[in-house]
Every structure is written in C-alpha cells, then in structure tokens.
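A.B. asks: Here it is: the structure, laid out below.
The values are calculated or read from the model by the stated rules, or taken from the named source; none is laboratory data. Since this is a predicted model, take the numbers as computed values, not measurements. Heads up, the Cβs are rebuilt from the backbone with ideal geometry, glycines too, and the neighbour counts pull from every protein chain shown. For the accessible areas, the whole protein counts, side chains as well, though only heavy atoms, and no ligand, DNA or RNA atoms are used. Shrake-Rupley method; radii C 1.70, N 1.55, O 1.52, S 1.80 Å.
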Amino acid sequence: MRYAETGYNLEIDLSTGNIERVETDPRLTELHLGGLGTNAKILWDRVPPEVDPLSPDNLLIFSAGLLDGTPAIGANRTIITSFSPQTLLMGFSMMGGFFGPELKYAGYDKVIIRGKSPDLVYLWINNDKVEIRDASHLQGKGALETAEFIKEELNEPKVQIAAIGLAGENRVYFASIEHGRSSASRLGLGAVMGSKGLKAIAVRGTKDINIAKPDKFWEICQEVLKYIEYRLQNPIKGVPAILSMIGSPQEMMLHDEQWHTTSFSWGHARYRRKDFWNEEVAKNWAESQRNAIERLVSCYNCPVRCGAIIRHPSLPTHRYMMKCYSKLTYVMAAMTDDLAFGFKIAGLAQEYGLDGYTTPQVMAFATELYDNGILTDEEMPGFPSNNEERFFYLLEKIVRREGIGDVLANGVYWAARQIGKGAEKFDHNTTKKHEQMVIKLGMLNPLYFLMYATGEKGNITQIEGQIPQTPLPKGYREEFVKDWIQVPTGKEERFKRFILEWGDEGKSFPFWPPPDLVCELVDWQETMHYIDDATGICAGLSSFPIKPPYHIHNLSCLISAGTGLDIDEEGLWEIARRNRNLVRVINVRRGLRREDERPPEDHWKKRFPEYEEKLLDEYYKYRGWNREGIPTKETLEGLGLDYVAEDDMIKKEILKEGVSLGGTTVKATKKQ
Amino acid sequence: MANKTVKVIKINADECNGCRACEAICSAFHATPKYGTTNPAKARIHVNWDPLRNLYVPVYGGPYVEAECLGRDRYVIGEKEYDECLFCRAVACPSRDLFKDPDSGLPLRCDMCEDDPSLKEPMCVQVCLVDALTYEEREEEMEEEKEKLDELEMGLETLIDKYGFDKVADTLARISISKQAET
Ligand code: SF4
Ligand code: SF4
Ligand code: SF4
C-alpha cells in the first residue's frame, strides 16, 4: 500500500486524446518526496532543453503535494510546473485552495499534460472516470465564470476547478491559472495551458488517502493546530503588524497597511511615499475594505482565513475571492489613493486570469513610457488621462493582445526590447526577465541579494521567511529568541546570536553578518520553501512567516509518520538540497548562468559590486556549485543525481568551468 | 421521565470559512485504524459550499431514511435556487450519494464521536478554530425513548433495503458458518 501519496499519475496527451493512469516509482518519493521535487524529475527526464514553452512538447504538470489530503493542517497546495514563456526557464507556481487534495481523493498525485488539443477542451476527472470534454462554449469566458459553468454542467457542487481566462487563451506571458480561492499566478503557466487548448481541469474524488502511522501523525497535527491557535493570539512583537502573524499574509483581515504602503514603492516600482499613511487614509481604507469583504475564507483544512469573498457587482459571478496583497498592487502601481479601485480591477483581472504582481507593473511601465513620449497616441489611441482609467484601458488591450497590448502581453522585459526607442532603460525591476517585488531600499541586504540573485522561483515570497526583515528593536530580541523552536538543530547558537546582535554598533549590513552566516541563513530560508513545495503544506504556515507552526523538526516527523519512510532532520534537508539542485540544473541546461543572477539594478540604492561578486562566490561554494553557478559533479553525485552529471551538456559545462577555474573571476556583465 | 444529557453542536454558518477541516477529521476519526485514512466523502458532516454566492452551510448526517421524500422544495438564496436535498440531514436517502460511504454504500450518521474514553469535544468541533461549530451539553428531562438504531443496525437495514431480507440473512448465516469453521 502507498501512504500519503496515491502512487498514481494521470498522463494526458491532448494531441491524441490518450489518457493513462500510470503507477509511480516509490523510490522517487524517497528521493524527492513529491510536488515540485518529482515534477522537476519529470521535466528533466522528458522535456529536452530546446523545447519552446508554448509548443505541444512542453509538459504542464498539476501536482498535489505529498501530504495533501491527509489531516496535516494546511496541506493543500497544488504545485503547477512547466517551462515559462516569459523566462524560458522552469516555471512553477503554487496555489492553495482545494484542488490538490481533491486530486488525491480522486486517486492521483499528478496530472501530466502534453500535446495540444485542436479545439478548446476541458478535462473532467471523476475518480477513475476521466474525460476530455468540449469547451468551445467556454471560449473567451472568464476563469471564474468558466468554473461556475462547469459546475452546473456536471451537476457536481463539490467539484474543484482550475481554469484559465481570456489571458491564458491568448497566451499572455503572465496569465494565471485560477482556482477561485487561489491561483497559480507567476511565470505565465496560464499561457502554457492556453497553448495546449486546455480551458480547465475539473476534479472530484471520493477515495481514501492512507497514513502509515496514524496515531503519531495525528498527534503532530494536533500540536500544529495548538501552535496555530497560539500564534493567532500572540503576534510577534517588535515587527510591523503584517509580519507579526501567520498566514500568507493576513491582508484580508488586517486594515493596517502602513508597512506595505510606506515601504514598498508606487508607480512602476519608483516612488516611496513614506508619509502616505495617516489617520484619514486608515479610516477610508478600512471602510473600503469593510464594504468589499463579505466573509473571510480559508483553504482546505486550515483555520487561518487568509482569503476573502469580495463583492463585485459588475462581474458575471458578482463576487470573487481575493488573497494576499493584490488589493494593493494595482492601487500602488496606478498611484491612486483609492483602495476601492484595487478591489474592482483585481476582480476583473482575476476573471481574465492574470498575475496580480506582474500585471500592474506592466501597466505602470506602459504608462511611464507614454508619459516619457516613447509610446504615443499612435500606439495607444484614446489613452485616457486618468491613471485608474488608463489601467482599465491597458487591461483590455493586454488580455486581447490588441495593438500595443500584444507587445505588453509579453511582460516588461520583452516589451521593452520590442518597443526599443530607449524603452529598455525603463526595464528596471526584472530579474531573469520576470517582474520582481516593488521594493526599493537603501542599503544592500546581503541575504536578500543572494535570494533574489540565485532564486529559481522568480518570486521572493517563495524564497524568504523565518527571520525578520530588519533588526528587532533592542528590548524585543531576548524575548524573540527565548522560544524560537523553529531553528534547525546545530544552528541554535549562531542564529540566536545573529538576532541578538543584529542592529548593534558595527553589526549592520552590508558587511555584517559574515558571508558564511549569510549563506547559512539563506540556506535555511530556501530549504524550508523547498520542503513545502514538495509536501504541499502552505508556506503561510511554514516557510514564509516568522515562527511558523511547521518547522524542520516537526516536518521530518510528520513526513515520516505520514509516508512510513524514515526521514530525519538531516535526511529532509538533503531531499530539499536534491530538489534545489535538480531545479537548478534544469535551468542551467536551458542556459541559466551567473550573469543572469542579478537582482533589479536599483533594488538597493547602495550597491557594492565587488562584495556582491564575493557573496555569489561564497554562496556557490556553499552550495557546491562552480563559478558559473552550476552544480559540480561531486555535488550531483553526492545527492544521487549521477544521471544529471552524465548529461552531455552539463558535463560540457562542468568541464568548461573546470578549465577556467584557475583564471580570472567570471566577469559579471550587465545583460541586455 | 428521566434526565438525559443532550449533546448539542451549534452551527454558526456566518463564521464558517469553508475549510472542510470538519469533514476531513470526521472521516479520519471514524477510519479503521483511527486516523489511518482520510476521505471527506466519508464524513458525517458535509459543508454546503458555494463561495461565489457566499453560501456556507455545514450539515450533519442525521436521521436514517428508507425512502426519498415525495415532493421537493426549492430554496432561493442569493439569487440561486437550491434543491432542499442539499441541506437535508437524512442519511442513506436513496435519491443521493450524500452521507453514504462511497465504497460500501453504508449510511454515515453523526455519532457525536462516541468513543471510550469519551472525548472532551467532538472532533469536528475541536478542529473548527473559528467557532463555526461549538459544543454544548445540556441536561434535559426526556420521555423514555425507544432504542435508536445503532450504526450496525442501520447498515443492515440499508443492505436489507438493497438486497432483500432473505439474501442478507442467508449471507450472514453463510459467513458465520465459514467463520466457525476457521476457528
Ligand atoms: S494559512 Fe492561509 S493561505 Fe495558507 S492554507 Fe491557511 S488559509 Fe490558505
Ligand atoms: S471546520 Fe468549521 S469553518 Fe471549517 S468548514 Fe467546518 S464548520 Fe466551516
Ligand atoms: S460530531 Fe463526530 S461524528 Fe459527528 S460530524 Fe462531528 S466529527 Fe463527525
């Protein structure tokens, strides 16, 4: 019997209509757990590096996490993985909600989609019965509307649906896959789905998920639940409200937006408004939020309620669900003070199926180009003068790929190069061709430098976590480290001392903490995310917040009790390292190199080019990678990835680097 | 007349966030071995869930019925019409799959998590941290009730409805003979 996982994948070929249920190799669970880990293995094995992300040969994988569908609190992530049309690298995005668990109950760990359907279709997975159904009547329909249609059509109120909107159908490079309560937004996976002619996947399951050691497993779950209750009542002291809680984060519950609005930048990631937040704004925004929100909602098997049902009379569905801080991304990018605008446009964008982080930035970028005379009335006929109207104008153009929208739909990086005329200079907030968080700060943060530079996820929130973003105020540090149970074994002394000293005279960025400690802290943050990406546990309960309910200690026990495998803390760490390296070599094989590993140029005002190179060197060394950021043969073999080291291209690259090792440092050129 | 402890689960539908933790844990608690499997389709509570109409109504598996209702009512909530069956607590109703084990077809009735030793609170209440489900015990004077069907009897009733009395009795007899032969 298989525990925690179902042991089966569903293989769908949309070109031929072939559907297969395939048993998986349990050995892969031991090596990669599941979710992102096993997705990466499939992509490495089956998608050669030259495959165009929008071609039928690309795979689109919907994977439940290893613990989805078990009683583990908040284990509900669906990890969608493919190659991104925007970055041309591996693209993955996690969504919460209910899809992953339902897929498990239907009897599958993953749905692996290849090929391309000649006509628009949707997939209906009902336990053992799997059908490819006509979706021509859903063409052009919104993602939420589509889900409602399918629910009615199948007459299945408990069906779970992931769908694309117009943006995905039209292959907008930042199109999302929407699932009502949540969405997989980053890196254009909705465009990949659109390129396959797949409008939606509907799933319903009524089968069991087994647990290997039930009593132990439930005991840990109960502890987690208790800790969640404790953390909901005991926010971290000494940090801004939004960082003091658990969840992903508590944007719907909290009204206090001082931290986001005054620390993040407005417009096209340009302006800080340090004195934006005042009593009047606070009052107006609280009211807008109260008017918009009807109910706080959770994902499957989680009490934390990070999402909300939002009233939206002009949408066909009259409501939508919001999460996270998309309520602010449009508001701040459009430089408007009206939060109601945010609720309105975010709902429409969700119906179209667009990423709530990238979309506003692309629109602010276009606005900036217009204001600077690079785009004119010729490309943008009838462009309104008011920023809010401009955003609605651009939204319609982008999702239809109409006129200038066809260019903007490729994201800032590609659009800037297509437009030319100096537009490239305005591409100031992308890394690896992907729009980054709109933060512009003063002093270089060595930890974030490494996470932005070397992260494979295009999104800092899927890399960072565990530690505060700025030093704790003096009187709070002792209390913070007192019950800091989350710290990995063996690191207690070092990490606690870091918190206690950080901010003291001479203990400040960029040269403190020393590079070795920087690497260890970065490793911890990344590792916890790689574990969540495999188990399907929500980052909001685990890798993302400070002092989360899940940590390396209880996760290793939980995974062991769930699967019956014997995985201790070190073993779990090694699996995360294996997955991290596998993702890296997949990207290396597609051309990722050191020169790509650069945070947005103006992310910090004070930069230290030489020190940054040293940090990269140190980090690469720490990870067992060569100077180009490519895992060495020894590293790969040590992780049981010998077959990767045997790959012709990887072999060549390792060798090439080996020859130049004694030479000069690789010159980090600015990429055009 | 006798005094009786009435166990009450109060449902505050306004507080429900639709997490379905109650369904998950109910199914796990009633699994053999306990917590050995999870399958919300086997839960004895069922959350009616229609987020885009802001409708969240947890319903417990209640009385056992042999036949479906003669007529059907319709509810209109938030512009949408719902069949009354959605909110009905009846278990084993032949007209639907709800509150029936998807494998065996056996009825799934809420038993308030009866256990030895008895729980402080039923499992669904324990996991519902937002207090959509709360638990109360009340002492009430009550008429002496005739024995309620327990779970086994209820299951047998369903089988009898499905296969007829004779077939079930025959099968039981056959099994008991073969079991005796084994020992
Ligand atoms: S913490 Fe929030 S985002 Fe995470 S599972 Fe719970 S409700 Fe969903
Ligand atoms: S556990 Fe509570 S909040 Fe969650 S679905 Fe059940 S009743 Fe609703
Ligand atoms: S009280 Fe127990 S048996 Fe009844 S629904 Fe809740 S968990 Fe299930």
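A.B. asks: Would you say A:Arg21 is assigned to a strand (DSSP E or B) and out of contact with any helix residue (DSSP H, G or I) (no Cβ under 6 Å at 6 or more places or on another chain)?
C.D. replies: yes
A.B. asks: Kindly indicate which of A:Ile546, A:Ile499, A:Ile531, A:Ile537 is within 16 Å of ligand 1 (Cβ to nearest atom), among the hydrophobic types (A, V, I, L, M, F, W, C) and over 24 Å from A:Glu5 (Cα atoms).
C.D. replies: A:Ile546
A.B. asks: Here are A:Leu315, A:Leu225: which of them is of a type outside the set (S, T, N, Q), within 16 Å of ligand 3 (Cβ to nearest atom) and within 14 Å of another protein chain (Cβ to nearest Cβ)?
C.D. replies: A:Leu225
A.B. asks: Residues that are away from ligand 3 (no atom under 16 Å from the Cβ), closer than 21 Å to B:Asn39 by Cα and either among the hydroxyl-bearing types (Ser, Thr, Tyr) or modelled with pLDDT of 95 or more (or both): does the stretch B:89-98 have at least one?
C.D. replies: no
A.B. asks: Would a scan of the stretch B:83-96 turn up a residue that is away from chain A (no Cβ under 13 Å) and of a type in the set (Lys, Arg)?
C.D. replies: Checked against the condition, which is being away from chain A (no Cβ under 13 Å) and of a type in the set (Lys, Arg), the stretch B:83-96 yields at least one hit.
A.B. asks: Out of (1) in contact (Cβ under 8 Å) with a residue 40 or more places away in the chain; (2) in contact with a strand residue (DSSP E or B) (Cβ under 9 Å, 6 or more places away or on another chain); (3) in the same structural domain as B:Tyr35 (by TED's automatic domain parsing); (4) open to solvent by less than 60 Å² (accessible area, probe 1.4 Å), what's the single condition that is false for B:Pro102?
C.D. replies: Unmet condition: (2).
A.B. asks: Can you tell me which residue within the stretch A:604-636, out of those that are closer than 16 Å to A:Glu574 by Cβ and in contact with a helix residue (DSSP H, G or I) (Cβ under 6 Å, 6 or more places away or on another chain), is most open to solvent (accessible area, probe 1.4 Å)?
C.D. replies: A:Tyr622
A.B. asks: Counting only residues that are away from chain B (no Cβ under 14 Å) and part of a helix (DSSP H, G or I), how many does the stretch A:348-361 have?
C.D. replies: 7
A.B. asks: When you go through A:Asn210, A:Asn301 one by one, which is the residue that is within 13 Å of another protein chain (Cβ to nearest Cβ), on the phi > 0 side of the Ramachandran plot and of a type outside the set (Phe, Trp, Tyr)?
C.D. replies: Being within 13 Å of another protein chain (Cβ to nearest Cβ), on the phi > 0 side of the Ramachandran plot and of a type outside the set (Phe, Trp, Tyr) holds for just one of A:Asn210, A:Asn301, which is A:Asn301.
A.B. asks: Any residue at all in the stretch A:255-272 that is in contact (Cβ under 8 Å) with a residue 40 or more places away in the chain and either within 16 Å of ligand 1 (Cβ to nearest atom) or of a type in the set (Lys, Arg) (or both)?
C.D. replies: yes
A.B. asks: Also, quick follow-up: Limited to the stretch A:562-599, what total is found for residues that are open to solvent by less than 10 Å² (accessible area, probe 1.4 Å) and of a type outside the set (Val, Ile, Thr)?
C.D. replies: Residues in the stretch A:562-599 being open to solvent by less than 10 Å² (accessible area, probe 1.4 Å) and of a type outside the set (Val, Ile, Thr): 13 in total.
A.B. asks: Taking the condition of being open to solvent by 10 Å² or more (accessible area, probe 1.4 Å) and either in a loop (DSSP other than H, G, I, E, B) or within 14 Å of chain B (Cβ to nearest Cβ) (or both), how many residues in the stretch A:88-106 meet it?
C.D. replies: Selection size over the stretch A:88-106: 2.
A.B. asks: Look through the stretch B:51-60, keep the residues that are in contact with a helix residue (DSSP H, G or I) (Cβ under 9 Å, 6 or more places away or on another chain) and open to solvent by less than 30 Å² (accessible area, probe 1.4 Å), and return whichever of them is farthest from B:Cys113 (Cα to Cα).
C.D. replies: Checking each candidate, the answer is B:Leu52.
A.B. asks: In the stretch A:568-624, what count of residues is obtained for those that are among the small types (Gly, Ala, Ser) and in a helix (DSSP H, G or I)?
C.D. replies: Here the count works out to 2.
A.B. asks: Residue check, B:Gly71 against (1) over 27 Å from A:Gly205 (Cβ atoms); (2) more than 12 Å from chain A (Cβ to nearest Cβ); (3) in contact with a strand residue (DSSP E or B) (Cβ under 8 Å, 6 or more places away or on another chain), all met but one. Which one?
C.D. replies: Going through the list (1) over 27 Å from A:Gly205 (Cβ atoms); (2) more than 12 Å from chain A (Cβ to nearest Cβ); (3) in contact with a strand residue (DSSP E or B) (Cβ under 8 Å, 6 or more places away or on another chain), B:Gly71 breaks only (3).
A.B. asks: Looking for whichever is touching a residue at least 40 places away in the same chain (Cβ under 8 Å), more than 16 Å from ligand 1 (Cβ to nearest atom), open to solvent by less than 10 Å² (accessible area, probe 1.4 Å) and on the phi < 0 side of the Ramachandran plot here; the options are A:Gly37, A:Gly7. Which one fits?
C.D. replies: After applying the criteria, what remains is A:Gly37.
A.B. asks: With respect to B:Cys26, determine if the residue is away from ligand 1 (no atom under 16 Å from the Cβ) and more than 26 Å from A:Ser182 (Cβ to Cβ).
C.D. replies: Answer is no for this residue.
Residue-wise test of (1) under 21 Å from B:Cys19 (Cα atoms); (2) within 15 Å of ligand 2 (Cβ to nearest atom); (3) open to solvent by 10 Å² or more (accessible area, probe 1.4 Å); (4) in contact (Cβ under 8 Å) with a residue 60 or more places away in the chain.
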residue	(1), (2), (3), (4)
B:Lys80	no, no, yes, no
B:Phe87	yes, yes, yes, no
B:Leu106	no, no, yes, no
B:Met112	yes, no, yes, yes
B:Leu119	no, no, yes, no
B:Pro122	yes, yes, no, yes
B:Gln126	yes, yes, yes, yes
B:Ala132	yes, yes, no, yes
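A.B. asks: Quick check on this structure: which one of A:Val522, A:Val481 is over 15 Å from A:Ile220 (Cβ atoms), in contact with a helix residue (DSSP H, G or I) (Cβ under 7 Å, 6 or more places away or on another chain) and surrounded by fewer than 20 Cβ atoms within 10 Å (Cβ to Cβ)?
C.D. replies: The unique qualifying residue is A:Val481.
A.B. asks: Give the residues of the stretch A:318-345 that are away from every other protein chain (no Cβ under 13 Å) and within 12 Å of ligand 1 (Cβ to nearest atom), sorted by residue number.
C.D. replies: The one that is away from every other protein chain (no Cβ under 13 Å) and within 12 Å of ligand 1 (Cβ to nearest atom): A:Cys324.
A.B. asks: Regarding A:Cys538, is this residue touching a residue at least 40 places away in the same chain (Cβ under 8 Å), within 16 Å of ligand 2 (Cβ to nearest atom) and closer than 22 Å to A:Val583 by Cα?
C.D. replies: yes
A.B. asks: Of the residues that sit in the stretch A:525-557 and are assigned to a helix (DSSP H, G or I) and in contact with a His (Cβ under 9 Å, 6 or more places away or on another chain), which one is surrounded by the fewest Cβ atoms within 10 Å (Cβ to Cβ)?
C.D. replies: A:Ala539
A.B. asks: Can you name every residue in the stretch B:1-48 that is more than 7 Å from every other protein chain (Cβ to nearest Cβ), open to solvent by 10 Å² or more (accessible area, probe 1.4 Å), of a type outside the set (A, V, I, L, M, F, W, C) and outside any helix (DSSP H, G or I)?
C.D. replies: The answer is B:Asn3, B:Lys4, B:Thr5, B:Lys7, B:Lys10, B:Asn12, B:His30, B:Thr32, B:Arg44, B:His46.
A.B. asks: Would you confirm, using the coordinates I've provided, whether A:Phe174 is crowded, with 24+ Cβ neighbours inside 10 Å and within 11 Å of chain B (Cβ to nearest Cβ)?
C.D. replies: Against the criterion (crowded, with 24+ Cβ neighbours inside 10 Å and within 11 Å of chain B (Cβ to nearest Cβ)), A:Phe174 does not qualify.
A.B. asks: Of the residues B:Ile9, B:Ile77, only one is within 15 Å of ligand 3 (Cβ to nearest atom) and either β-branched (Val, Ile, Thr) or farther than 30 Å from A:Leu144 by Cα (or both); which?
C.D. replies: One residue alone meets the criteria, B:Ile9.
A.B. asks: Can you go through A:Lys196, A:Lys237 and tell me which one is open to solvent by 10 Å² or more (accessible area, probe 1.4 Å) and away from chain B (no Cβ under 14 Å)?
C.D. replies: A:Lys237
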